[in-house]
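The values are calculated or read from the model by the stated rules, or taken from the named source; none is laboratory data. Because the structure is a prediction, the values reported are computed rather than measured. Note that we place each Cβ from the backbone using ideal geometry, even for glycine, and neighbour counts take in every protein chain shown.
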């Protein structure tokens, strides 16, 4: 039996990257999963891959910046699963403009997805967890840029800093219902999207600031996500766990 046998999970932002990888991990460990993103067609391959490996999966369309879309998708997922016991709140976008060049639509795009979206999805799931009186685990995906300054990422860093504080506040409010709310803060994790940059000269300069002298891989997030998703962390709530090779140790 897997570590999450009998659990059910909704993964928001699962169409690619870390969300897709972690959806496979949760399914591999026995959870029945529903994957969600704006473009349903991009989820079809992920669902097929999970099923091919023996897992149970389905997909729902969800735009985390739209409250009606969130409520409809979470309601559908909750019905399919017979109740959601795990939420991986992974939707996120970034930008590369300087603060002075960031316009209002760009600010809204990033903050609405990363912060408001996480709140909308978390709230919708928590309401259903409370209604079913089963509790559950909500895992928000933060970033080391919540407390590290990097030029050209101001709206992203602000949204992730807000997400960290939101995690603490929701944990305090929802603990009485048996709902745990925690966050992970990945450092520089190498994926298909950023691999070329991280392997460039600038990337190799950046890696020198990491005590372990390497960038992370998606597999490095598996252990902490499985811990927070499962019953082994039943007395852990309101915490932020950096997964960054010691990067944040150098920021004090």
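Just one of 27, 36 is under 19 Å from residue 219 (Cα atoms) and either buried (at least 17 other Cβ atoms within 10 Å of the Cβ) or modelled with pLDDT of 95 or more (or both); which is it?
After ruling out the rest, the residue left standing is 27.
Take the conditions in contact (Cβ under 8 Å) with a residue 60 or more places away in the chain and assigned to a strand (DSSP E or B) and apply them to residue 84. Does it pass?
No; evaluated as a whole, the condition is false for this residue.
If you scan segment 197-229, which residues turn out to be buried (at least 18 other Cβ atoms within 10 Å of the Cβ) and not in a helix (DSSP H, G or I)?
The answer is 210, 215, 216.
With 187, 178, 142 as the choices, which residue is touching a helix residue (DSSP H, G or I) at 6+ places or on another chain (Cβ under 9 Å) and surrounded by fewer than 17 Cβ atoms within 10 Å (Cβ to Cβ)?
So the residue among 187, 178, 142 that is touching a helix residue (DSSP H, G or I) at 6+ places or on another chain (Cβ under 9 Å) and surrounded by fewer than 17 Cβ atoms within 10 Å (Cβ to Cβ) is 178.
Might you let me know whether segment 90-108 holds any residue that is closer than 18 Å to residue 70 by Cα and part of a helix (DSSP H, G or I)?
Within segment 90-108, one or more residues are closer than 18 Å to residue 70 by Cα and part of a helix (DSSP H, G or I).
Being closer than 25 Å to residue 97 by Cα, in contact with a strand residue (DSSP E or B) (Cβ under 7 Å, 6 or more places away or on another chain) and not in a loop (DSSP other than H, G, I, E, B) is the filter; apply it to segment 123-153 and report the residue that is modelled with the lowest pLDDT.
Filtering first and then ranking leaves 146.
Taking the conditions exactly as written (in a loop (DSSP other than H, G, I, E, B), in contact (Cβ under 8 Å) with a residue 40 or more places away in the chain and more than 18 Å from residue 140 (Cα to Cα)), does residue 30 satisfy them or not?
no
What residue, among those in segment 150-168 that are more than 15 Å from residue 95 (Cβ to Cβ) and without any contact (Cβ under 8 Å) to a residue 60 or more places away in the chain, is surrounded by the fewest Cβ atoms within 10 Å (Cβ to Cβ)?
165
Can you find, within segment 92-122, the residue that is surrounded by the most Cβ atoms within 10 Å (Cβ to Cβ) among those that are closer than 18 Å to residue 145 by Cα and in contact with a strand residue (DSSP E or B) (Cβ under 7 Å, 6 or more places away or on another chain)?
Selected residue: 118.
Does residue 6 qualify as being surrounded by fewer than 21 Cβ atoms within 10 Å (Cβ to Cβ) and within 23 Å of residue 228 (Cβ to Cβ)?
The answer is yes for residue 6.
Take the residues in segment 154-183 that are closer than 30 Å to residue 106 by Cα and assigned to a strand (DSSP E or B); name whichever of them is nearest to the chain's Cα centre (by Cα).
Here the answer is 183.
For the list (1) in a helix (DSSP H, G or I); (2) closer than 19 Å to residue 78 by Cα, I need the number of the one condition that residue 60 fails.
Of the numbered conditions (1) in a helix (DSSP H, G or I); (2) closer than 19 Å to residue 78 by Cα, the odd one out for residue 60 is (1).
Please work out if residue 14 is surrounded by 24 or more Cβ atoms within 10 Å (Cβ to Cβ), out of contact with any helix residue (DSSP H, G or I) (no Cβ under 6 Å at 6 or more places or on another chain) and in contact (Cβ under 8 Å) with a residue 24 or more places away in the chain. Break it down stepwise before answering.
Numbers: surrounded by 24 or more Cβ atoms within 10 Å (Cβ to Cβ): yes; out of contact with any helix residue (DSSP H, G or I) (no Cβ under 6 Å at 6 or more places or on another chain): no; in contact (Cβ under 8 Å) with a residue 24 or more places away in the chain: yes.
No: the conditions fail for residue 14.
Can you name every residue in segment 43-62 that is in contact (Cβ under 8 Å) with a residue 24 or more places away in the chain and touching a strand residue (DSSP E or B) at 6+ places or on another chain (Cβ under 9 Å)? Steps first, answer last, please.
Quick first cut of segment 43-62, residues in contact (Cβ under 8 Å) with a residue 24 or more places away in the chain only: 43, 46, 49-50, 53, 55-62.
Within segment 43-62, 43, 46, 49, 50, 55, 56, 57, 58, 59, 60, 61, 62 meet the criteria.
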